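Asker: Structure provided below as structure tokens; questions to follow.
The values are calculated or read from the model by the stated rules, or taken from the named source; none is laboratory data. Note that the coordinates shown come from a computational prediction; the quantities given were computed from them, not determined experimentally. Backbone-built Cβ (ideal geometry, glycine too); neighbour counts: all protein chains shown. Please note that ligands, DNA and RNA were not included when accessible areas were found on the heavy atoms of the full protein model with its side chains. Shrake-Rupley method; radii C 1.70, N 1.55, O 1.52, S 1.80 Å.
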Amino acid sequence: MPYNPTSNTWELSDVMVKLQDEKKAGYELQKRKHEDWTDNYELFRNKVKTNRLTQRQAVNIPLMKETIKRLLSSIDDRPNVEWSEIGGDEYKKLVMQEIWNEHMRINNLELIDILDKKNVLLYGISAKKLNIDQQGVSCSVLDPYDLYIDPLTNSWDLSSARYLVHNNIFKTVRDILANEKYSKEGKEQIKVWVNTPQGIQQSEEARKEWEKKMERMKSMGISHGQFSYFAGGDMLVNLTEHFYLWWNGKEFEKRVCVYADNKIELYNETLMDTLGVDFWPFVIWSEDVETQDVYPDSVADLVRTPNKVLNVWYSQLIENRTLKNFQMHWVSATGSYSPQTFTPGPGMQLPAPPLSSTGKISDVIQPVEISGLDDTLEAINILTQIVERGSGVTALQKGGTEEGVQTLGEVQILLGQATERVTAMAKFYRLAWEQYVYKWYELLSANAPKMLKLSKQGKSGKLYEKRIMAGDWKSEFGYKGKVTSSSEQEQNDVKTMQKWMFVTSKHPNNVALQKLAMKRELDLLDVTPEELKQVEEAEDQAQIMMQQGVQQPGQPSPEEAQLGQQIQQQMAQLNVT
């Protein structure tokens, strides 16, 4: 792809023509969401745009932030992953579990998990990308602006995508030239390109795009002060990593191409040769999946318009109170009069035109009436409640009170309904983690180095390191990772215990059933085996003493218990009648 200095143009290969068309189609599909995404982002950051007509005050009601923050804390914690070796080897199982734990620690999956969920709440979609590094596999959360998706992709099946484009990968020229994977021809073209007018302009645009990206990442709670891309005046290049299908004469094969400025190829190989797998190394999920659009609506989309309306009303209310506080008056002005614009202020007196024969200023000009806008706060409350019902984040969850809620039963019903909505959202979240665990294991099996370094912190706080070889963990049978969601697990535990309580109440004299129910209850408390043994021994001792007729301290005698049951039966009959 030689450069023509006379016309300042590049000759594109057939591959680059195809990739440019795909990238353009992906961008045009995503571009529809950019305006909404920007508004969601600015409202979350408490930034508002003022204008001369509707909102002249830079004020914001933090409805967007409090909704996203509350949902973020309610969706779920990072799922737990328990590994098992299919062949039943316990040692390999323990080693694989420690490899996963080390992956979580090194890649800071707790923080990645927060970014992942926040992207879904703000933009409706989030993508995690798996990369290869010296320790095997690493993970990163992509800025939604940086990933272009094939418009024909099935929202439930990422493998149906014909292409995926990871844009805005910022590298310095020296990093590109030092990368051994990039082709020699591509590096030579980079050397030519950086001195062309296009290259200089593209570097400045890359700098601006990088700054925008860092600003968005800061809103997610991440500080990028450690990045030093602009140190030493090195030129910054915006690379694209393009995953696509290519017909090789026999079948379609998955390939990956890295190029600069949409024209200079630096790397182009099959996905199998690059990563050792035949699937796209991305995990994409949404909480409101649609069949017609790979970019579904988000919770923030529901909050955005009401939040804008609230800001307008609140701005007008503030301005109204300010104008009323100025206490402006009309005063008579002598001589000729010409209409002017005066700046309002406290105690300001405004000149009036000459009076009419009646001596009334109202015959000449009427003052601007400043109404009280007394219904603004009530309207704000009504609109806020509409958003709460739509998003599932009630005032109770945000630390407030629900209007009209008085009984404990009503409060529990409202909280229960909101919890069910959040649990439904967590299902998509858990499914995405199941895909991540599967792809992580496959990539690790294909790319792990011969030796892995693990570390584990002891009770004293000291960090112990151990090096393991491939034979210590690789298995001919393979592994299976079980992903458990804490919110779904807790909800299932509550429902299970409710069933146990119902059954045991029907059979109060069944000792075996009572012991099983007690054991299930203790399992939820994470008691140690020693503690469980003590409780069981105490329960057995109590059963023996009851059989011997010995009354336990604080327990009613058999006669008293029988009398109490008769009283309860009589009361029940009275209630029925």
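Asker: Test of understanding: what is the full-extension gain from D77 to S13, defined as 0.36 nm times their sequence separation minus their Cα-Cα distance?
Answerer: Gain on stretching D77 to S13: 18.3 nm.
Asker: Roughly how many nanometres apart are two label points built 7 Å out from the Cα toward the Cβ at D472 and S140?
Answerer: 2.9 nm
Asker: What shape does the stretch 16-116 take by its C-alpha gyration tensor, where a ≥ b ≥ c are the square roots of the eigenvalues and a/c under 1.5 counts as rounded, a/b above b/c as prolate, and the rest as oblate? Could the numbers behind the result be given before it?
Answerer: Details: a/c = 4.33, a/b = 1.71, b/c = 2.53.
Verdict is oblate for the stretch 16-116.
Asker: For the stretch 1-150, give the magnitude of the charge dipole about the Cα centre (Cβ charges: +1 Lys/Arg, -1 Asp/Glu; no others), in debye to the nearest 20.
Answerer: 1100 debye
Asker: I would also like to ask the following. Separation between the K69 and I370 pseudo-spin-labels, each 7 Å from Cα along Cα→Cβ, expressed in nm?
Answerer: About 3.3 nm, to one decimal.
Asker: From largest accessible area down, sort D375, D540; use a 1.4 Å probe on the protein chains. Before the final figure, lay out the partial values.
Answerer: Values: D375 100, D540 60 Å².
The ranking, largest first, comes out as D375, D540.
Asker: Long-range amide H contacts for E269: which residues qualify at under 5 Å (H placed 1.01 Å from N, peptide plane, sequence gap of 5 or more or a different chain)?
Answerer: V256
Asker: A further question on this structure: Say each of M348 and E465 gets a label point 7 Å from the Cα, pointing the same way as Cα to Cβ; how far apart are those two points in nm?
Answerer: Label at M348, label at E465, 7.0 nm between them.
Asker: On average, how much accessible surface per residue is there in the stretch 1-123, in Å², for a 1.4 Å probe, leaving out ligands, DNA and RNA? If you can, show how the numbers build up before the last one.
Answerer: Details: 6240 Å² over 123 residues.
Value returned for the stretch 1-123: 51 Å² of accessible area per residue.
Asker: Moving on to the next point. Residues with amide H under 5 Å of W285's amide H, sequence separation 5 or more or different chain, H placed in the peptide plane at 1.01 Å from N; which?
Answerer: S126
Asker: Quick one: if the Förster radius is 56 Å, what FRET efficiency do Q534 and K47 give, using the C-beta to C-beta distance and rounding to 0.05? If you can, show how the numbers build up before the last one.
Answerer: Working: r = 58 Å, r/R0 = 1.04.
E between Q534 and K47, to the nearest 0.05, is 0.45.
Asker: Assuming R0 = 56 Å, can you tell me the calculated FRET efficiency for the pair S160 and S362, based on Cβ-Cβ distance, to the nearest 0.05? Before the final figure, lay out the partial values.
Answerer: Working: r = 73 Å, r/R0 = 1.31.
In this case the efficiency is close to 0.15.
Asker: Can you list residues whose amide H is under 5 Å from Y163's amide H, if they're 5+ apart or on another chain and H is modeled 1.01 Å from N?
Answerer: D150
Asker: Could you sort R467, R56 by accessible area so the largest value comes first, with the probe set to 1.4 Å?
Answerer: Values: R467 135, R56 115 Å².
Sorted by accessible area, descending: R467, R56.
Asker: Moving on to the next point. In the stretch 1-104, carbon and sulfur make up what percent of the accessible area (probe 1.4 Å)?
Answerer: Values: 2760 of 5610 Å².
Of all accessible area on the stretch 1-104, carbon and sulfur atoms account for 49 percent.
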